Amino acid sequence: MAQHNETGNWGEKKAMEYLQEKGYEIVVKNYRHKQAEIDLIAKKGKLLLFVEVKTRTGTGFGLPEEFVNYAKSRLIMKAAEGYIFDTDWHFDVRFDIISILVFPDGGINIRHIEDAFC
């Protein structure tokens, strides 16, 4: 497996742990709908969260959250639409980004950006 895939999978696990510590229930991991994928779908009460996780080992090309562009956000929203329809969800939804920056010394910075796009 390529290093970037390993880093991404590791980041998704960290994001799941982070959300669970905040009281969210992880409903689905890596939900696919047509050509789109949502990294995590979580729930807390009557709020459904669609989460894009971005993990980077440096900022040479920008912060992790800067890699979620307009096209990517549109794909996530289309996939979310499919999930909402398939599960007959009738309550609130939110689109978040969890940005994980890994430092050379092994430390990490997790940033949870709520309502990142809509």
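Here are some notes:
- Answer residue from the range 21-64, given it is among the acidic types (Asp, Glu) and in a strand (DSSP E or B) and is nearest to Trp89 (Cα to Cα) among those: Glu25
- Tally, over the range 17-65, of residues that are surrounded by fewer than 21 Cβ atoms within 10 Å (Cβ to Cβ) and more than 17 Å from Tyr83 (Cβ to Cβ): 15
- When Gly11 is tested against (1) within 11 Å of the chain's Cα centre (by Cα); (2) crowded, with 17+ Cβ neighbours inside 10 Å; (3) closer than 30 Å to Asp88 by Cβ, just one condition goes unmet, and that condition is (3).
- Output for the range 12-31, where each listed residue is out of contact with any Leu (no Cβ under 9 Å at 6 or more places or on another chain) and either modelled with pLDDT under 95 or of a type in the set (Phe, Trp, Tyr) (or both): Tyr18
- Condition met for Phe85 (in contact with a strand residue (DSSP E or B) (Cβ under 6 Å, 6 or more places away or on another chain) and either within 18 Å of Lys34 (Cα to Cα) or in a loop (DSSP other than H, G, I, E, B) (or both)): no
- For Ala71: the one exception among (1) free of Cβ contacts under 8 Å to residues at least 24 places away in the same chain; (2) of a type in the set (A, V, I, L, M); (3) under 15 Å from Gly11 (Cβ atoms): (3)
The values are calculated or read from the model by the stated rules, or taken from the named source; none is laboratory data. Predicted model only: the values in this text are computed from it and were never measured. No Cβ is skipped: glycine too gets one built from the backbone with ideal geometry, and neighbour counts run over all protein chains shown.
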